[in-house]
Amino acid sequence: MTKTKNIEKSRQIRSRISSRWLLFWTLFIGVGAIYGGTMMLIDPTGKALRMDGLLPYFQVLPFSEYLFQDYIFSGIALLIVNGISNLTAAVLIMMKKKIGVVLGGIFGITLMLWICIQFVIFPPNFMSTSYFVFGLIEALTGYMTWVFQKQEEFSLDLSDYPGIGKDHTRLVVFFSRMGYVKKEAYKRADETGADIYEIKAKERTEGTLGFWWCGRFAMHRWDMAIEKITVDLSSYRHVTICTPIWVFSLSSPVREFCKEAKGKIREVDYILVHHTKGKYTCAIEEMDKLLGLTHTSSISMECHMGVSKGQW
């Protein structure tokens, strides 16, 4: 229960922080665009912004003889494309509307496209490069906020799985960092009536820092210390092991579990949960080798934020 609460709290903190940063970028870019666009309309010559010397560069654009003899069209476009749009997203974010997060990310991409035009017509300059970076950061922050909010929405109601624990000859073992593998483990235990056991890592695995820490273990194929196994594995006729895939390989806590469980499990099958398409036979073969068994079956499942997208 404590781990579940920690995961939920971590998700909420990440979502709040990223949402505030996205609000900052939408306001920063929106207010800047409103100021720049308004000044262009007040002084179409561009002298007020010291941009009058840049007008000749606009002549390479289509319809320049009609649209770019002064800054009126550019000012209107700037107000609409980067000003009003970003301020609208900011208001929606403050109102805690999901569409505000989506629009914030989209308008970051819009700003980058806007700056790409400047890269074509202007000589290299600090201002264009800076605002391209700002747009990139806004787009990435929007995407991260959207992901964090989707993760925050994920929940698991254990009352939906009444069949668990009816067949004490079967056991489902799982490790789950975000709860997605846990969902698949509970589904399997409910279908088969098996008991269920959670592998618990001694390292930090929750939240963004946990994500990067687990990635470090996965890249090096390191073992990750787990809490003492408190279930008698030898008493079960069949065991199902559910594991996430980390950096295209077996997750570190499950690797350690398999080492400690060698010689204690009679019969085994596997459920692999990951974000991409593929069977990940390398993880299956590694578990067989570590357990000293040949699995009876395996399922490799593509899962996005708790939603199954297919299995092999």
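The values are calculated or read from the model by the stated rules, or taken from the named source; none is laboratory data. Note that the structure is a prediction, hence the values are computed from the model and not measured. Positions of Cβ are backbone-derived with ideal geometry, glycine not excepted, and every protein chain shown enters the neighbour counts. The protein model used for the area step is the full one, side chains on, heavy atoms only, and it has no ligands, DNA or RNA in it. Shrake-Rupley method; radii C 1.70, N 1.55, O 1.52, S 1.80 Å.
Residues of region 256-286 that are in contact with a His (Cβ under 7 Å, 6 or more places away or on another chain) and within 21 Å of Arg221 (Cα to Cα): Tyr270, His275, Tyr280, Ile284.
Would you call Leu103 within 25 Å of the chain's Cα centre (by Cα), assigned to a helix (DSSP H, G or I), free of Cβ contacts under 8 Å to residues at least 40 places away in the same chain and exposed (fewer than 13 other Cβ atoms within 10 Å of the Cβ)? No; evaluated as a whole, the condition is false for this residue. The residue pairs whose first member lies in region 202-216 and is outside any helix (DSSP H, G or I), whose second member is of a type in the set (A, V, I, L, M, F, W, C), and whose beta carbons are closer than 6 Å, counting only pairs six or more residues apart or on different chains, are Lys202/Ala225; Glu203/Met224; Arg204/Trp213; Thr205/Cys214; Glu206/Ile7. Among the candidates Lys228, Lys183, Lys187, the residue that is in contact with a Leu (Cβ under 8 Å, 6 or more places away or on another chain) and either in a helix (DSSP H, G or I) or open to solvent by 70 Å² or more (accessible area, probe 1.4 Å) (or both) is uniquely Lys183. Of all residue pairs spaced 6 or more apart or on separate chains, those with beta-carbon atoms under 9 Å, a first member in region 261-286 that is of a type in the set (S, T, N, Q) and a second member that is part of a loop (DSSP other than H, G, I, E, B) and open to solvent by 50 Å² or more (accessible area, probe 1.4 Å) are Thr276/Phe248. The residue that is most open to solvent (accessible area, probe 1.4 Å), among those in region 244-274 that are β-branched (Val, Ile, Thr) and in a strand (DSSP E or B), is Ile245. Please verify whether region 144-155 includes one or more residues that are open to solvent by 20 Å² or more (accessible area, probe 1.4 Å), over 18 Å from Ile17 (Cβ atoms) and not polar (S, T, N, Q). Among the residues of region 144-155, at least one is open to solvent by 20 Å² or more (accessible area, probe 1.4 Å), over 18 Å from Ile17 (Cβ atoms) and not polar (S, T, N, Q), which makes the answer yes.
Only a single item in (1) free of Cβ contacts under 8 Å to residues at least 24 places away in the same chain; (2) in a strand (DSSP E or B) is not met by Ile241, and it is number (1). If only residues of region 15-34 that are among the β-branched types (Val, Ile, Thr) and in contact with a helix residue (DSSP H, G or I) (Cβ under 6 Å, 6 or more places away or on another chain) are counted, the one that is surrounded by the most Cβ atoms within 10 Å (Cβ to Cβ) is Thr26. Among the residues of region 52-72, how many are free of Cβ contacts under 8 Å to residues at least 24 places away in the same chain, surrounded by 13 or more Cβ atoms within 10 Å (Cβ to Cβ) and not hydroxyl-bearing (Ser, Thr, Tyr)? Number of matching residues: 5. Restricting to region 35-51, give me the number of residues that are closer than 23 Å to Phe119 by Cβ and either of a type in the set (A, V, I, L, M) or crowded, with 18+ Cβ neighbours inside 10 Å (or both). Matching residues across region 35-51 total 7. Restricting attention to region 43-102, the residues that are at positive phi and of a type in the set (Gly, Ala, Ser) add up to 1. Being closer than 20 Å to Leu140 by Cβ and buried (at least 19 other Cβ atoms within 10 Å of the Cβ) is a property that holds for Gly108.
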